[in-house]
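Report on the structure given below.
What follows draws every value from the coordinates through simple rules; no lab data is involved. Keep in mind it's a predicted model, so treat the numbers as computed, not measured. A quick note on method: Cβ atoms are made from the backbone with ideal geometry, for glycine too, and the neighbour counts reach across all protein chains shown.
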Amino acid sequence: MSILILVPDTRRIGVTPRTPRPRRDEVRTRVLDAAAAVVAERGLGAATLDQVAAAAGFTKGAVYSNFGSKDEVFLALLEAQVAGRVASVEAALHTATDLPAALAAVGAELARPDAVTQLLFVEFWQRAVRDPQVRRDFVRFRRDLRARIAQVVQDVLDTRPVTPGWDAESLALVVVALANPDAVPEGLVARVLGALVEPGD
């Protein structure tokens, strides 16, 4: 005796198959992309996690499952933005055929307009002055950034001569100081770094 088992056709009765939940790293990426759009439109002070969640297509709970606070979201965004620029500089240095080309690549990347990063940096700096917890996180971010740039600079110095008295840490400070496209004239970064890394007499 055979038994006939009927399986309902969900396509015919209007049942929609479940959409797979996005992976944690996908949620984080979408939240940071949304945060960049929100801060570009409203600034850090006026931006809210409700706005970020809506722009990302999630609930605020999904944002909190990846980040502990608004400050954590926007500091992570700042770190991601800066890491992307450092990676671009590093890639340009690896493909440059000579020192002038390498310096020009660094100068071009530092001069590239990046309103979101500049806005986040300035607003976090202003908050860090008044809030000890924000200050600790911001100082850590700045320390990590300088160490990352120093490593990139050291990789360059390992294959090229340098003016006596300059080291990777000092040159990293120069790079950070010149990383302001609104205030630094075009070509100045390449000129300054060229004077520092060319061998002295």
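A few notes on this one:
- Considering the conditions (1) out of contact with any Ser or Thr (no Cβ under 9 Å at 6 or more places or on another chain); (2) under 23 Å from Ala40 (Cβ atoms), Asp155 is excluded by exactly one of them, (2).
- Only one of Asp98, Asp137 that is under 20 Å from Asp71 (Cα atoms) and of a type in the set (Asp, Glu): Asp137
- The single residue among Val184, Val89, Val175 that is outside any helix (DSSP H, G or I), aliphatic (A, V, I, L, M) and farther than 18 Å from Leu44 by Cα turns out to be Val184.
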